[in-house]
Structure formats: structure tokens, C-alpha cells
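Heads up: the structure comes next, in C-alpha cells.
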Amino acid sequence: SSGINAEWPLRPGEMEYKGLLNVLHNIHNFMNYPTEVMMALAQCISKQDAMFHFTLPDYSHPEGLTDALAVRFNLYCKKETDHEAVGRLVLKRFRDKKIKFYVVCENGIAG
């Protein structure tokens, strides 16, 4: 399971969204920043989780994640890996709930 940090609620029913949870909570605002989202994702997903979830071959982590995904999904622009297209694809998969992950909290795991 992928671990992503979050803050426990200050009051019942409330949660402070940080990092990737903030992206998911406000995904419509981040669709214009796909490269930045991929850079953040590379910092909070383990190499093993990325290889498993995206069916990737071995790659240099974290800097090679976006290139590995571009090759995996055949996303190129002028014969170069298209990092923005990769970011948009990953954001769309999050939005469409095609990627599952777990959030690591101080007192356990929330799904």
C-alpha cells in the first residue's frame, strides 16, 4: 500500500488536507499543473509501489518516475518523454478513482 502523509482531524469530521491529499481534494485546480503534481508524487510514493501500481520496469527513483511512466504509456512529444501528458494521465486516473492508495496517519492507516 502506498503511504501518503496526512494530518488527523482537529475536530470530528474535519481533516486538514496536505500534499497529495490536497491535490485530490482540489483536483480541478491542479489539472493545469501536471508536472508539479508528478514531482510531488515522486517524493511520496515508494519505488516498489510505483512499479506495482503502474506496471513499470526498474527505473531510477524518484527522478526517473515520470520518464518511466511516459515510456510505459507511450507519451512522447517531439521524440522526448512528455511529462505534462504523464501528469494529466495520472491526475485523470486519480479523479476517475482508477488508482487506489492508503493514507498513513499518526495513529494508523486511513483508506
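Laboratory data are not the source of any read-out in this text; all were calculated from the coordinates shown. All values derive from a computational prediction rather than experimental measurement. Cβ placement follows ideal geometry from the backbone for every residue including glycine, while neighbour counts extend to all protein chains displayed.
Things worth noting here:
- Extension gain, residue 52 to residue 74, is 6.1 nm, computed as 0.36 nm per intervening residue step minus the present C-alpha separation.
- Taking Lys and Arg as +1 and Asp and Glu as -1, the other residues whose beta-carbon sits under 13 Å from that of residue 91 total +3.
- Percentage relative contact order, the range 20-81, counting C-alpha pairs under 8 Å, at least six apart: 22 percent
- Taking a straight Cα-Cα cut-off under 26 Å and skipping sequence neighbours fewer than 8 places away in the same chain, the lysines within cross-link reach of residue 100 are 18, 47, 92.
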